[in-house]
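*Asks:* For reference, the structure I am asking about is given below.
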Amino acid sequence: MEFNQPAGNNLFDNARVVGKPLNRIDGPLKVTGTAPYAYERHDVVANQLYGYPVGSAISHGRIVSMETEAAKASPGVRAVVTTLDIEPLGIWNYNVARLFGGDKVEHYHQAIAVVVADTFEQARAAAALIETEYEEGEPADFDLDAAFERVEGSGEPGTLVGDVEGAFRSAAAVVDQKYRTPSQTHAMMEPHAAIVDWSDGGEMTVWTSNQMIEWNRQSLATNFDIDPDTIRVESPYIGGGFGGKLWLRADEVLAAIGSRAAKAPVKLALPRPFMMNNTTHRSATVQRIRLAAGADGKLTGIWHEAASHSLPGGRGENATAQTPFFYAAPNRRVQHHIIEMSLPEASDMRAPGEASGLMALEVAMDEMAEALEMDPVEFRILNDTQVNPSDPDQPFSERHFVECLKRGAEAFGWNDRNRTPAGKREGQWLIGHGMAGAYRGAPTLNSGARVRLSGGKLIVETDMTDIGTGSYTILAQTAAEVMGLTVEDVDMRLGNSAYPVSSGSGGQFGAASSTAGVYAACLALREKIAERLKVEDPEFRDGRVIAGDSDTALADLDGEIVAEDTMKFGDFKKGYKLATFGAHFVEVAVHRGSGEIRVRRMVAVADSGRILNPITARSQVIGGMTMGVGAALSEEMALDTGRGMFANHDLAGYEVAVHADIPEQEVIFLDTVDEISSPLKAKGVGELGLCGVAAAVANAVYNATGVRVRDYPVTLDKIIDRMPAV
Amino acid sequence: MKAFSYEKMTDPAKAAARAAEVEGAKFLAGGTNLLDLMKLEIEAPVHIIDVNGLGLDEITETEDGGLRIGTLVSNTALSADARIRREYPLLTRAIAAGASGQLRNKATTGGNLLQRTRCPYFYDPDQPCNKRKPGSGCAALSKGAFSRQLGIIGTSDACIATHPSDMAVAMRALDATVETVTPTGMTRRIALEDLHVLPGDTPDKETSLLPGELITAVTLPAPVGGAQKYHKVRDRASYAFALVSVALIRQPDGSGRVALGGVAPKPWRSLEADAELPNGARAVMTKLLNGARPTEENAFKITLAERTLAAMLAEE
Ligand SMILES: Cc1cc2nc3c(=O)[nH]c(=O)nc-3n(C[C@H](O)[C@H](O)[C@H](O)COP(=O)(O)OP(=O)(O)OC[C@H]3O[C@@H](n4cnc5c(N)ncnc54)[C@H](O)[C@@H]3O)c2cc1C
Ligand code: SF4
C-alpha cells in the first residue's frame, strides 16, 4: 500500500484503542524478569559455548604477532581465533571500522581475538593469556578544537541563503560564540550480546539485541560474504539501544567466528569496560554560532559552523542538523566539517545531530535574547516560521512550536521567575530558571507486517523491534483498532527476520512507520474477509464484521486468514517539511559553595502529531529529559588525547543521571495530528524528548549563577572560579 | 580471573597466620571491591581466605567510653547504629554518602578501609600503571591523560591516585584506630592516620599492614560532640565517588577538625590546619593543602575544597 496523499479523515480520528493510555503489554514480562533477552536465551539451542573478546591496546597501527598457545592450552578452551587468522571482513553500508580480520588497527579496543570455552570464566581467563605485539602508528592528533580552527571557513556550506556577511554588518545585536559538546556513549543497560549458531558454516542463526533486523542480516551477509537468505536473526527484546544497536557489532561477529571455529553455538556479550571504545559513540562537537538580529528582535542572520570527529568515511555528529530549519532568518550559512581521527567509530546516538546542535544553538538563542533584553520565550515566538526558512516554498506540514512555548511557559510559571542572573538564593542554593526550544525531524521508512486471523484472534508479525519504547503495545493497539478487536485479542510477534521487513527502531521513525505497516496489513486482511463474506465496505467492530444485514463474528470465520502488506511512503511528502517541536523549562539549584548543580523541576511540551499511547509516549519523553540532564551535567566520554582512547570505561566512570538527579517531570502533549506524516497522523517523540533539554539546564545555570558555560557537561569546575565568594 | 583456591576460616589469628603462610593469599570480606578487581585480573590472588566466618561483626563499647566496630560490621549496619547516629553522626553521614544501598549492605568496615583506588587507568589492564604493575609507568601523568578525579596532594611522580573511601575520611576526623591481629598472633593498634601510606616510588604498597595481618576492628574514642557534617561533592547527586569531600567537626567555640577526601592517597587532615578553623576556610586550606601539586585538570579541587568548607561554616 502506498501512502501517497494526506491521510484525510480516517478511522483513527474516532479511535477506541489508539491514543488510549494502555500499560505496556510486555511490562509484566519485564518486571518479572521473564522477557527473554539475548544473552539469557539458554533454551534456544543446546550446548552453547561462551565467547570472550580481546581488544586492541593501541589506537592505531598494526598487529605484528599474537601469541595464543597459552590461551589454547587453558582449561575448557575450544577455539581461539585472532584477527591475523582471517581475511579482513567486509564492511556494510553504515559501519566504517572493520569489525574483525587483518592486521590493521583503526581504534582502541577494536576486536582482535575471540576465545571460545565451555564456561564464561574459562573464556575470560584464557583471553587474558593472549600476548599481542603491536607496531604503533604515527603519533596522531586528537584535538578537535585545533582541527576546527584549521578547517573553519573552508569548503562548501551545506546551506547558504542570502547575504550572511551583510546581515552581520548591519545587525543591531550579534552573538558570536564557540560551544563544545563531548563524546557521549549510549550506556544502555543491556550490553551488546548475541548467541550465534553457525556450527556447520552453513545456515547462520543469530539471537541478538539489535534495533534493525534487516540491516543486521544484510550486514552479516556482507561481513562474511554469504547469502543473506542463509541468515536468520531474532531480537524480540532489547534492553535499550539509543542507536548503539542500529548496527552489527563485534558481539555477533565474534560469536559467529567462534561458532564456526568451535563447531558449536557460541554466546558472547561485550564486557562493559570494552563497550566504551569497541562500540560506537556520539562524536564530540565544536560549534561556532553567530546570530545577528535587528533592534526589533528578529533574527537577520544565522551562521552555524560545526565539526565532529569520525573514522574515514563516517558521518560524525552533524550538530548543524536543525539550523537550516528551526528559526526564521533571511540570511543563513550552515556547515558541518568531519574531522578524521583514529578514535572509535563515531555514529548515531538518540537524536543524532539535533541533540548536540541544540545544546549549542539554544544557548546562543538565550544569549541573543539577553543581548536584546527580550524574554527568551518571546524572542523565540517572534522568530517562528511556518515555512522551511532555507526553502520558503516548502511549508511545514504542521508546526506548533509557538503553542509549545506558550503552554510550557504557563505550566511552568515562567513569568514568575527571577530575571536577574544570580539574583535568587534559598539557603545554600542559588536558584535559576531556563528554557530552550526543541526541534527534531520526523522521517518515516517503509514498513511491512503480516497478520493472521484465526478463531477471532489476531497474530501480528513484523520484524519491527521494541527497544523499550512500547512498540509491542502501540502496534497491538493499531491492529486492534483496525480489526475491531481488543488488545487482548492481538498476539504481537516482533524482531524476527522470518517476518516482513519493517522500518526498525531508530531516528524516531519507528512508531509512525511501523504502525502504518500494521495498518496496511490489517487493511489487506479486511479486504480478504470482505471478499470471503462477499460484502462491501464492512465495518469492523466489537469482534464482528458488519455490512447491511450481514453480521459475522470474526471468531466464526473458518481456518486461518493471512494477509501481508508494506506501507510505502510516497514522494508527495517531499512537498512538505516534517518535524517535531517542543519546549523545555527547567529549574536548577546551584550550591553556592561547591557549585554542585541539581535540577529541581522540569516541564516539557511536545508537538509530535497524534500521540498513540500517552503512557508509552510519556515514558519516551521523560527518558529523553533524563538523558538530557545527563548530557547537561555529567555525561562525557573522557578523551585521553595522548592515547586516542576514552579513559572512563564503565557506569561508575561515565555518569548518567541517576534517580536522585531526576526531580518532578511534567510532560504536556499538544493535541495535534499530522496528516502528511502517516495514516495514523503520528510522528516520533522518543528523540524529541532529548532535544534542547541540556540547553535549558545550561541556561538555568546561567540564570542561577550569572556564569555562562559553553562547554558541556556543565560541571562545577567550570563555574566555581567565576561564582561570588561564599 | 585467574584460578584460585578458597577456604573459609573461623579464627582471626589462624586466618592471619594462614594468609602469611600462603604466598599470594588474600582476605575476602564483602567482596565488592576484590571480586571486581579479580575479574579484571588487577588482583590475582592464588588463595582466598574468606573472613566472613570470623565473627567480628558487633559494635561494642570500649572502656574509655568509645566504640569498637568489628571489621565485619557492614557499612549499612554501621551507619544505622543508634549510638553512631547519636554520638558520631559524621560517620553515618559519610557512609550514607558512599556507593549504593546494595553495596553498603555487602561492604565491610575493614574492606572499606582497604578498597583500592578508582583511577581509570588502574582499571584498564591495557594501560601502564605503577600501582597495578610496578615500573610500568603512570598513564594518568602522561600528556593528554584524564586526571580530573585524581589526587592533588600526598601524591608522587609515580602515582597520583586517591583513596576513594568516604567512611575513612570521617574516621580520620574522629581519630579512629585500627586493631589488627598479626600472623604471629599479636594484637596491633594502628592510628588510622598511619594505616595508609603515601605512594612515593612504590604506589603498589598502600598500607602499613604486614603481610597476612588482619584487621579485626576499628575503635572510636569517646564522642567529641560538636556539629558534625560531611559534604561530599560530586557531579551527580548519588552513586559517584567524591570529587572532594569535606568532613567537619565544629565545636561551639569555633574550634574543630577538618578532613578531606578525594584529594589524596589517604584521608587528608592535619592538626595545624585544624587549629586554623576559627580563622575560616581559607586559613584552613592554606595549611591543609600546602604543597599541593594538582594537574591542570584537577587544580579546581583546591578552590572547591575551600568553597565547600566556607559554605559549611556559613551554614549555621
Ligand atoms: C560501583 C561502586 C561504587 C562505590 N562507591 C563508593 C563511594 O562512593 N564511596 C566509598 O567509600 N566507597 C564506594 N565504593 C566502594 C565500597 O565501599 C567498597 O567496595 C567496600 O567498602 C569494600 O568492602 P568489602 O567488604 O566488600 O571489601 P572486599 O572487596 O571484600 O575487600 C577489599 C580489600 O580489603 C581486604 N580486606 C577485607 N577485609 C579485611 C580484613 N579484615 N583485614 C585485612 N584485609 C581485609 C581484602 O583482601 C581486599 O583487598 C563503591 C564500590 C562500587 C563497586
Ligand atoms: S595515578 Fe596511580 S593508579 Fe593511576 S595510572 Fe598512575 S600509577 Fe596507576
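The values are calculated or read from the model by the stated rules, or taken from the named source; none is laboratory data. These numbers were taken from a predicted model, which means no experiment stands behind them. Every residue, glycine among them, receives a Cβ derived from its backbone with ideal geometry; neighbour counts consider all protein chains shown. Note: areas computed on protein heavy atoms with side chains; ligands, DNA, RNA excluded. Shrake-Rupley method; radii C 1.70, N 1.55, O 1.52, S 1.80 Å.
*Asks:* Report the net charge of residues surrounding A:Met723, where surrounding means a beta-carbon distance below 10 angstrom and charges are Lys +1, Arg +1, Asp -1, Glu -1. It would help to have the intermediate numbers written out before the result.
*Replies:* Working: positive: A:Arg592, A:Arg722, B:Arg307; negative: A:Asp721.
Computed value for this residue: +2.
*Asks:* To continue, here is another question. Using a 1.4 angstrom probe on protein heavy atoms only, which residues from the range B:137-160 are buried by at least 50 Å² of accessible area when all chains are present rather than their own chain alone?
*Replies:* B:Gly144, B:Phe146
*Asks:* Sticking with this structure for a sec: Just the number please: accessible area per residue for the range B:227-314, 1.4 Å probe, all protein chains included, in Å².
*Replies:* Each residue of the range B:227-314 exposes 36 Å² on average to a 1.4 Å probe.
*Asks:* Largest first, what is the accessible-area ranking of A:Glu426, A:Glu373, B:Glu41, A:Glu664 with a 1.4 Å probe?
*Replies:* A:Glu373, A:Glu664, A:Glu426, B:Glu41
*Asks:* Where in the range A:459-564 are there trypsin sites (Lys or Arg not before Pro) that are in a DSSP coil and have at most 10 other Cβ atoms within 10 angstrom of their Cβ?
*Replies:* On the way: sites: A:Arg493, A:Arg526, A:Lys528, A:Arg532, A:Lys534, A:Arg541, A:Arg544; in loops: A:Lys534.
Qualifying residues, ordered by number: A:Lys534.
*Asks:* Projected area of the range B:227-314, taken from the Cα convex hull and averaged over every viewing direction, in nm²?
*Replies:* Details: hull surface 22.8 nm².
The directionally averaged projection comes out at 5.7 nm².
*Asks:* Moving on to the next point. Express the accessible area of the range A:382-475 per residue in Å², computed with a 1.4 Å probe while the remaining protein chains stay in the model.
*Replies:* Numbers: 3370 Å² over 94 residues.
For the range A:382-475, the solvent-accessible area averages 36 Å² per residue.
*Asks:* Would you work out the Kirkwood radius for the range A:1-149? I mean one over the mean of 1/r across all pairs of different Cα atoms, in Å. Walk me through the numbers on the way to the answer.
*Replies:* Details: mean 1/r = 0.0497 Å⁻¹.
Averaging 1/r across every pair of different Cα atoms and inverting gives 20.1 Å.
*Asks:* In Å², and per residue, what accessible area does the range A:138-254 have when probed at 1.4 Å with the other protein chains present?
*Replies:* Working: 4360 Å² over 117 residues.
Computed with neighbouring chains in place, this is 37 Å² per residue.
*Asks:* How much FRET efficiency would the formula 1/(1 + (r/R0)^6) give for A:Asn47 and A:His659, where r is the Cβ-Cβ distance and R0 is 51 Å, rounded to 0.05?
*Replies:* E between A:Asn47 and A:His659, to the nearest 0.05, is 0.80.
*Asks:* Can you pull the percent of the protein assembly as shown's accessible area that's carbon plus sulfur, 1.4 Å probe, other chains left in place?
*Replies:* Values: 18050 of 37430 Å².
The value for the protein assembly as shown is 48 percent carbon and sulfur by accessible area.
*Asks:* Okay, moving on. Once the other residues with Cβ under 12 Å from the Cβ of A:Pro228 are scored (Lys, Arg +1; Asp, Glu -1), what is the net sum?
*Replies:* Result for the local shell: -3.
*Asks:* Hey, can you list the residues from the range A:622-638 whose accessible area shrinks by 10 Å² or more with all protein chains present, relative to the chain by itself (probe 1.4 Å, no ligands or nucleic acids)?
*Replies:* In the range A:622-638, residues shielded by partner chains: A:Leu633, A:Ser634, A:Ala638.
*Asks:* A further question on this structure: Please give the residues of the range A:271-301, grouped as numeric ranges, whose backbone N is less than 15 Å from a label point set 7 Å along the Cα-to-Cβ vector of A:Asp163.
*Replies:* From the range A:271-301, the list is A:300-301.
*Asks:* Separation of the range A:228-281 and the range A:91-163 by C-alpha centroid, Å?
*Replies:* With the range A:228-281 and the range A:91-163 each reduced to a Cα centre, they are spaced 17 Å.
*Asks:* Taking the Cα centre as origin and putting +1 on Lys and Arg beta-carbons and -1 on Asp and Glu beta-carbons, what dipole magnitude results for the protein assembly as shown, to the nearest 20 debye?
*Replies:* Charge dipole, the protein assembly as shown, about its Cα centre: 2100 debye, nearest 20.
*Asks:* Can I ask one more? Using only protein heavy atoms and a 1.4 angstrom probe, determine the accessible area buried between B and A, summed over both sides, in Å² to the nearest 100.
*Replies:* 3200
*Asks:* Shifting gears a bit: Mind checking which of A:Ala476, A:Val206, A:Leu270 is farthest towards the positive end of chain A's charge dipole, using Cβ charges of +1 (Lys, Arg) and -1 (Asp, Glu) about the Cα centre?
*Replies:* Farthest towards the positive end: A:Ala476.
*Asks:* Need one number: nm distance between label points at B:Asp36 and A:Asn9, each 7 Å from Cα along Cα→Cβ, rounded to one decimal.
*Replies:* Placing both labels 7 Å along Cα→Cβ, they lie 6.2 nm apart.
*Asks:* Note every residue of the range A:708-726 with a reduction of at least 50 square angstrom in accessible area, all protein chains present versus the isolated chain, computed with a 1.4 Å probe, or write none.
*Replies:* A:Leu716, A:Asp717, A:Ile720, A:Val726
*Asks:* Right, here's the next one. I'd like the FRET efficiency for A:Glu149 and B:Glu296, computed as 1/(1 + (r/R0)^6) with the beta carbon distance as r and R0 of 25 Å, rounded to 0.05. Don't skip to the answer; put the middle values down first.
*Replies:* Numbers: r = 20 Å, r/R0 = 0.81.
According to the calculation, E is roughly 0.80.
*Asks:* Sticking with this one: Any idea which of A:His309, A:Ser677, A:Leu633 is furthest toward the positive side of the dipole for chain A, if Lys and Arg beta-carbons carry +1 and Asp and Glu beta-carbons -1?
*Replies:* A:Leu633
*Asks:* What is the distance in Å between the Cα centres of the range A:565-618 and the range A:364-385?
*Replies:* Between the Cα centres of the range A:565-618 and the range A:364-385 lies a distance of 20 Å.
*Asks:* Also, I was wondering about something else. Which FRET efficiency, nearest 0.05, do A:Glu2 and A:Gln177 yield, Cβ-Cβ r, R0 41 Å?
*Replies:* On the way: r = 46 Å, r/R0 = 1.13.
That gives a FRET efficiency of 0.30.
*Asks:* While we're here: Once you charge only the Cβ atoms, +1 for Lys and Arg and -1 for Asp and Glu, what is the size of the charge dipole of the range A:659-726 about its Cα centre, to the nearest 20 debye?
*Replies:* About 300 debye.
*Asks:* Within straight cross-link reach of A:Lys683, meaning Cα distance under 19 Å, which aspartates and glutamates are found once same-chain residues fewer than 8 apart are removed?
*Replies:* Once the sequence-local aspartates and glutamates are set aside, what remains near A:Lys683 is A:Glu2, A:Asp13, A:Glu354, A:Glu398, A:Glu403, A:Asp466, A:Glu481, A:Asp571, A:Asp607, A:Asp671, A:Asp674, A:Glu675.
*Asks:* Between beta-carbons, use under 10 Å as the cut-off and find the net charge around A:Ile467, counting Lys and Arg +1, Asp and Glu -1.
*Replies:* -1
*Asks:* Averaged over B:228-234, how many beta carbons belonging to a partner chain fall within 10 Å of each residue's beta carbon?
*Replies:* Partner-chain Cβ atoms within 10 Å, mean over residues of B:228-234: 3.
*Asks:* Separate question: Work out, step by step, the length gained on full extension between B:Asn105 and B:Glu21: first 0.36 nm times the residue separation, then minus their alpha carbon distance; give nm to one decimal.
*Replies:* 27.1 nm
*Asks:* Taking the Cα centroid of the range A:36-51 and of the range B:242-316, what is the distance between the two, rounded to the nearest whole Å?
*Replies:* Going from one Cα centre to the other spans 53 Å.
*Asks:* Same structure, new question: Cross-link list B:Lys26/B:Lys106; A:Lys245/A:Lys568; A:Lys72/B:Lys205; B:Lys229/B:Lys301; B:Lys106/B:Lys232: which exceed 26 angstrom alpha carbon to alpha carbon?
*Replies:* A:Lys72/B:Lys205
*Asks:* I'd like the antiparallel share, as a percent to the nearest 5, of DSSP beta bridges with both residues in the protein assembly as shown.
*Replies:* Of all bridge pairs located within the protein assembly as shown, approximately 75 percent are antiparallel.
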